[in-house]
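The values are calculated or read from the model by the stated rules, or taken from the named source; none is laboratory data. Treat the numbers as computed from the prediction; the structure is a model and nothing was measured. Quick reminder, even Gly has a Cβ in these numbers, built from the backbone with ideal geometry, and neighbours come from all protein chains shown.
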Amino acid sequence: MIGAPGREVVKALLPGLRRRFDVHLVVCNAENSAGGYGVTRDSGTALIAAGCDALTGGNHLWDRREGAAYIAEEPRLVRPANLPEGTPGEGWRVFRASDGTAVGVVNLLGRVFMREADCPFRTADRVLGALREKCKVVLVDFHAETTAEKMAMGWHLDGRVSALLGTHTHIQTADDRVLPGGTACLSDAGMTGGFDSVIGMDRQAALQRFLTLLPGKLTPSDGDLRLNGALVTVDHATGRALAIRRLEIPYAPAVSGGGARLLRGDEPALSVRLAARAEVERLRARGVTPALALVSVGEDPASRIYLKRKGEACAEVGIEARRVTLPAGTETHAVVERVRALGEDPALHGILVQLPLAPPAAAQAVLEAVPPGKDVDGFHPVNVGRLAAGLPGFVPCTPRGILELLRYHQVPLAGRHAVVLGRSNIVGRPLAALLSRKGVDCTVTLGHSASGPALRALAADADLLVCAIGRPEMVTADWVKPGATVVDVGIHRVAAPDSRTGHRLCGDVEAASVALVAGALTPVPGGVGPMTVAMVAANTVLAAEGAFAPSVAS
Ligand code: GUN
């Protein structure tokens with residue numbers, strides 16, 4: 001944790017991380033917390049106020065003379081244990097985690113390429129002897145330079161401590177694992193602070209020191225801020241680690257101005273509806289009243305709300321919306337017949353079949369019964385194919401709405417890397433086709449459930465990240481490149497015991513953490529949803545104008 005920039009990251013990100021991972025104890029190495037050197041009362045107090053439960057040290061702990069009294073007095077601070085008898089402070093302490101578990105925290109200094117200290121291995125043995133009766137769960141912060149010494153300590157302590165986490169190099173290693181005896185190990189947890197730096201300090205000044213060998217002043221970097229650490233899951237009955245996961249989470253207030261720009265959908269949706277209304281007036285003046293059939297099978301609660309909104313949007317712009325509701329249990333052939341009859345009705349210009357259909361009705365056969373020239377959802381294979389081939393045709397409402405929302409907010413797209421998460425026919429696939437179209441010109445990656453653990457790294461490379469995976473708050477800050485534009489397509493109702501209603505709405509994106517990293521983010525609700533609804537009206541106007549009928553009508 002390096003200086004004021006590191007403290008800022010901890011303060012901003014730690015509360016969300018504690019909630020999200022249900023963290024019971026946070027241990028923070030604080031030896032660089034005061035201007036990059038040592039700990040002071042102010043820097044230690046700030047870390048504790050930010051949510052750290054225990055602070056550990058290292059060879060730089062005493063770099064600030066004014067910090068000495070604090071190190072001696074602070075009951076939440078653990079200094080290296082393998083120092084001479086009589087060194088102020090304590091080398092190990094027992095903390096009470098928020099679930100009541102007693103957790104021993106030990107700090108040790110390495111000896112390879114470090115200043116002299118007592119043998120860390122034998123000191124560890126002695127400390128564990130003292131801790132044996134006090135707690136089952138023990139975390140050791142081994143502050144050491146070399147990987148070899150840290151790995152050796154991991155094997156020395158395997159089965160006797162819950163976690164052995166290295167610090168000191170500031171560079172996170174990729175060797176996180178649980179050893180056979182149940183000790184979670186990571187050679188170095190990395191650093192929290194500015195990565196546009198030399199191990200957290202201003203890179204120009206650091207470079208000058210190497211070039212000139214003069215002792216120039218180093219100050220903490222505040223460029224490319226990130227939180228590094230590790231999350232260890234421990235069986236508190238046995239003290240054995242169950243899992244360890246490295247964390248690297250970007251934090252970009254400088255890019256996002258302290259919070260992502262909100263790309264709201266209500267304004268662009270209004271302008272889409274106003275344009276549709278003007279077209280409807282022209283059509284009506286020619287004696288054409290645009291009309292749309294909204295077909296549903298069964299009583300899906302979410303569908304009921306969507307259909308209500310679509311009907312209202314149509315009414316607002318002057319489109320006649322006719323609801324066609326078939327009961328759950330209707331056979332596919334009966335739904336198909338009904339849709340075909342609607343297709344033959346010359347007074348109807350558009351047909352939208354709301355998905356999902358209640359079983360046993362099969363969606364694909366029903367969608368193929370919609371004449372392509374009336375297919376305002378763009379789900380008929382003819383329109384799917386036309387979109388894939390870059391030909392004119394109906395474009396599904398959500399992807400079309402997303403593109404219009406990005407255009408309205410002037411988000412640059414040409415040449416940018418767009419990553420679309422989710423390969424549904426309703427959003428992911430058609431959006432990937434749209435974004436890679438000539439004139440839009442994104443480079444597109446389509447990630448999905450079978451992309452496996454690589455999905456997160458794909459997402460973190462995106463300039464534009466579209467989340468349409470259907471899992472509440474799955475996309476967190478560590479999936480997002482600082483400054484990226486994030487489009488949240490999901491909408492979910494999740495339990496919220498503290499709220500008046502007992503629930504809240506959220507998307508596929510954890511907005512609270514992502515807003516700290518992203519440059520721009522669509523809100524849920526009020527982002528993509530209104531755009532989808534507006535595009536139903538816009539596509540129905542196109543259908544009434546016969547926009548695609550001459551070449552594609554069946
Ligand atoms: N179900 C979920 N989203 C959609 C949509 O955009 N159109 C239809 N027809 N059904 C849906």
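Give the range 369-384 a look and list any residue that's away from the ligand (no atom under 13 Å from the Cβ) and hydrophobic (A, V, I, L, M, F, W, C), or say none.
A369, V382, V384
So which pairs qualify, if the first residue must be in the range 419-431 and over 15 Å from A450 (Cα atoms) and in a helix (DSSP H, G or I), the second must be within 13 Å of the ligand (Cβ to nearest atom) and not small (G, A, S), the Cβ gap must be under 6 Å, and the two must be at least 6 apart or on different chains?
P430/P396; P430/P399; L431/P399
Here are some residues: L109, L13. Which one is among the hydrophobic types (A, V, I, L, M, F, W, C), modelled with pLDDT of 95 or more and crowded, with 22+ Cβ neighbours inside 10 Å?
L109
Working carefully through the options R96, R79, R65, find the one that is farther than 28 Å from F21 by Cβ and basic (K, R).
Numbers: R96 fails: farther than 28 Å from F21 by Cβ; R79 fails: farther than 28 Å from F21 by Cβ.
From the options R96, R79, R65, the qualifying one is R65.
Residues that are surrounded by fewer than 18 Cβ atoms within 10 Å (Cβ to Cβ), within 16 Å of the ligand (Cβ to nearest atom), free of Cβ contacts under 8 Å to residues at least 24 places away in the same chain and more than 15 Å from I402 (Cβ to Cβ): does the range 469-488 have at least one?
No: zero hits.
I need a count of the residues in the range 380-407 that are among the small types (G, A, S) and assigned to a helix (DSSP H, G or I).
Qualifying residue count, the range 380-407: 3.
Within the range 112-124, how many residues turn out to be more than 13 Å from M153 (Cα to Cα) and either among the aliphatic types (A, V, I, L, M) or modelled with pLDDT under 95 (or both)?
Result for the range 112-124: 4.
I need the full set of residues from the range 326-366 which are touching a Ser or Thr at 6+ places or on another chain (Cβ under 6 Å) and either assigned to a helix (DSSP H, G or I) or over 27 Å from F548 (Cα atoms) (or both), in order please.
Those that are touching a Ser or Thr at 6+ places or on another chain (Cβ under 6 Å) and either assigned to a helix (DSSP H, G or I) or over 27 Å from F548 (Cα atoms) (or both): A361, A365.
Working only within the range 140-156, note down all residues that are in contact (Cβ under 8 Å) with a residue 40 or more places away in the chain and either surrounded by 18 or more Cβ atoms within 10 Å (Cβ to Cβ) or of a type in the set (G, A, S) (or both).
Correct list: D141, H143, K150, M153.
Yes/no matrix, rows are residues, columns are (1) under 17 Å from D377 (Cβ atoms); (2) in contact with a Cys (Cβ under 8 Å, 6 or more places away or on another chain):
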{"residue": "V494", "(1), (2)": "no, yes"}
{"residue": "P497", "(1), (2)": "no, no"}
{"residue": "V509", "(1), (2)": "no, yes"}
{"residue": "A515", "(1), (2)": "no, no"}
{"residue": "P525", "(1), (2)": "no, no"}
{"residue": "N539", "(1), (2)": "yes, yes"}
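Out of (1) within 14 Å of the ligand (Cβ to nearest atom); (2) exposed (fewer than 13 other Cβ atoms within 10 Å of the Cβ); (3) among the small types (G, A, S), the odd one out for G298 is which?
Against the list (1) within 14 Å of the ligand (Cβ to nearest atom); (2) exposed (fewer than 13 other Cβ atoms within 10 Å of the Cβ); (3) among the small types (G, A, S), G298 comes up short only on (2).
Quick one: how many residues across the range 495-554 are closer than 26 Å to T485 by Cβ, surrounded by fewer than 19 Cβ atoms within 10 Å (Cβ to Cβ) and touching a strand residue (DSSP E or B) at 6+ places or on another chain (Cβ under 8 Å)?
The number of residues fulfilling the criteria is 3.
Check A72, A34 and return the single one that is over 25 Å from K136 (Cβ atoms) and buried (at least 23 other Cβ atoms within 10 Å of the Cβ).
A34
Would you confirm, using the coordinates I've provided, whether G154 is more than 21 Å from L47 (Cβ to Cβ) and not hydrophobic (A, V, I, L, M, F, W, C)?
Yes.
Pick from the range 364-388 the residues that are of a type in the set (G, A, S) and touching a helix residue (DSSP H, G or I) at 6+ places or on another chain (Cβ under 9 Å): which of them is farthest from E320 (Cα to Cα)?
The first filter runs over the range 364-388 and keeps only residues of a type in the set (G, A, S), leaving 365, 369, 373, 378, 385, 388.
Next cut, touching a helix residue (DSSP H, G or I) at 6+ places or on another chain (Cβ under 9 Å) only: 365, 369, 373, 378, 388.
Values: A365: 26, A369: 21, G373: 18, G378: 20, A388: 31 Å.
If we take residues in the range 364-388 being of a type in the set (G, A, S) and touching a helix residue (DSSP H, G or I) at 6+ places or on another chain (Cβ under 9 Å), then A388 is farthest from E320 (Cα to Cα).
For A358, only one of the following conditions fails: (1) over 23 Å from A543 (Cα atoms); (2) touching a helix residue (DSSP H, G or I) at 6+ places or on another chain (Cβ under 8 Å); (3) surrounded by 13 or more Cβ atoms within 10 Å (Cβ to Cβ). What is its number?
(2)
Name the residues in the range 366-384 that are of a type in the set (A, V, I, L, M) and more than 24 Å from A432 (Cα to Cα), would you? Quick ask: steps written out before the conclusion?
In the first step, residues of the range 366-384 are kept if they are of a type in the set (A, V, I, L, M); the result is 366-367, 369-370, 376, 382, 384.
Of everything in the range 366-384, those that are of a type in the set (A, V, I, L, M) and more than 24 Å from A432 (Cα to Cα) turn out to be V366, A369.
Do the conditions hold for A276, that is, is it at pLDDT 95 or above, in a helix (DSSP H, G or I) and touching a strand residue (DSSP E or B) at 6+ places or on another chain (Cβ under 8 Å)?
Considered against the rule, which asks whether it is at pLDDT 95 or above, in a helix (DSSP H, G or I) and touching a strand residue (DSSP E or B) at 6+ places or on another chain (Cβ under 8 Å), A276 comes out as no.
Name the residues in the range 408-464 that are more than 16 Å from the ligand (Cβ to nearest atom) and polar (S, T, N, Q), would you?
Q410, S436, T443, T445, S449, S451
Scan (1) within 26 Å of E133 (Cα to Cα); (2) touching a Cys at 6+ places or on another chain (Cβ under 8 Å) for the single condition R111 breaks and write down its number.
With respect to (1) within 26 Å of E133 (Cα to Cα); (2) touching a Cys at 6+ places or on another chain (Cβ under 8 Å), R111 is out only on (1).
Name the one entry in L387, L405, L348 that is hydrophobic (A, V, I, L, M, F, W, C), away from the ligand (no atom under 14 Å from the Cβ) and closer than 14 Å to R437 by Cα.
Values: L405 fails: closer than 14 Å to R437 by Cα; L348 fails: closer than 14 Å to R437 by Cα.
Being hydrophobic (A, V, I, L, M, F, W, C), away from the ligand (no atom under 14 Å from the Cβ) and closer than 14 Å to R437 by Cα holds for just one of L387, L405, L348, which is L387.
Pick out, from the range 183-250, the strands (runs of 3 or more DSSP E) lying fully within it that include 2 or more residues that are under 31 Å from the mean Cα position of the chain (by Cα), β-branched (V, I, T) and exposed (fewer than 15 other Cβ atoms within 10 Å of the Cβ).
none
Here is a yes/no grid of residues against (1) without any contact (Cβ under 8 Å) to a residue 24 or more places away in the chain; (2) in contact with a strand residue (DSSP E or B) (Cβ under 7 Å, 6 or more places away or on another chain); (3) within 13 Å of the ligand (Cβ to nearest atom):
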{"residue": "I305", "(1), (2), (3)": "yes, no, yes"}
{"residue": "A315", "(1), (2), (3)": "yes, yes, no"}
{"residue": "R322", "(1), (2), (3)": "no, yes, no"}
{"residue": "L367", "(1), (2), (3)": "yes, yes, yes"}
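Quick one: D377 ticks every box in (1) assigned to a helix (DSSP H, G or I); (2) under 30 Å from V440 (Cα atoms) except a single one, so which number is it?
Against the list (1) assigned to a helix (DSSP H, G or I); (2) under 30 Å from V440 (Cα atoms), D377 comes up short only on (1).
Working only within the range 279-302, note down all residues that are farther than 22 Å from T522 by Cα and part of a helix (DSSP H, G or I).
From the range 279-302, those farther than 22 Å from T522 by Cα are 279-301; that's our starting set.
Within the range 279-302, E279, V280, E281, R282, L283, R284, A285, P301 meet the criteria.
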